[in-house]
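Please read the structure below before turning to the comments.
Nothing in this text is a laboratory measurement; each read-out follows from the coordinates by a stated rule. Since the structure is predicted, the reported quantities are computational estimates derived from the model, not experimental observations. Every residue, glycine as well, gets a Cβ built from its backbone with ideal geometry; the counts of neighbours run over all protein chains shown.
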Amino acid sequence: MKVPSIFRLPKYQRFEIQPRYYDPVKEDIEKRTDRIRKEIRNQREGNSSESIREAYKARRGSNRSADLFQFLMIIIVGVSIGGYLMYGANVYFALLLLIPLYIILRRRK
């Protein structure tokens, strides 16, 4: 007979695991068919080496702008720290003058 209680007691939970079926042959066949389908699709669309070159060129262009922005941010932080050490807080006012210049250059594009 169960004794009534105001506390909730943990109940017995049974661990169940359902095994997965792994077929290496089937997986190998699927990989091969996917690769062959991609090759056929690339042949229909054109030369695959040209599309690879174009993808790398596009990627390089986007990386250049990000690299330039990071470089400029490092320069600005370095100049602000160095200027603060040499001239004091007046350097930050000079750097504030660069913000409108940055906005003008961004709007030109």
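Annotations
- Between Ile29 and Ile52, the simple spin-label model (points 7 angstrom out along Cα→Cβ) gives 2.9 nm.
- Between Phe93, Phe71, Phe15, the GNM of the chain built on Cα springs shorter than 10 angstrom shows Phe15 fluctuating the most.
- Each label was represented as a point 7 Å from its Cα along the Cα-to-Cβ direction; for Val79 and Ile103 these points are 1.9 nm apart.
- This model, with +1 at the C-beta of Lys and Arg and -1 at the C-beta of Asp and Glu, gives the chain a dipole about its Cα centre of some 360 debye.
- Most fluctuating residue given options Arg64, Arg35, Arg20, as computed from a GNM of the chain linking Cα atoms under 10 Å: Arg20
- Volume per residue of the C-alpha convex hull in segment 24-108, rounded to whole Å³: 167
- Structure remark: mean-square fluctuation, Gaussian network model of the chain, C-alpha springs under 10 Å; the largest value among Gln18, Gln43, Gln70 belongs to Gln18.
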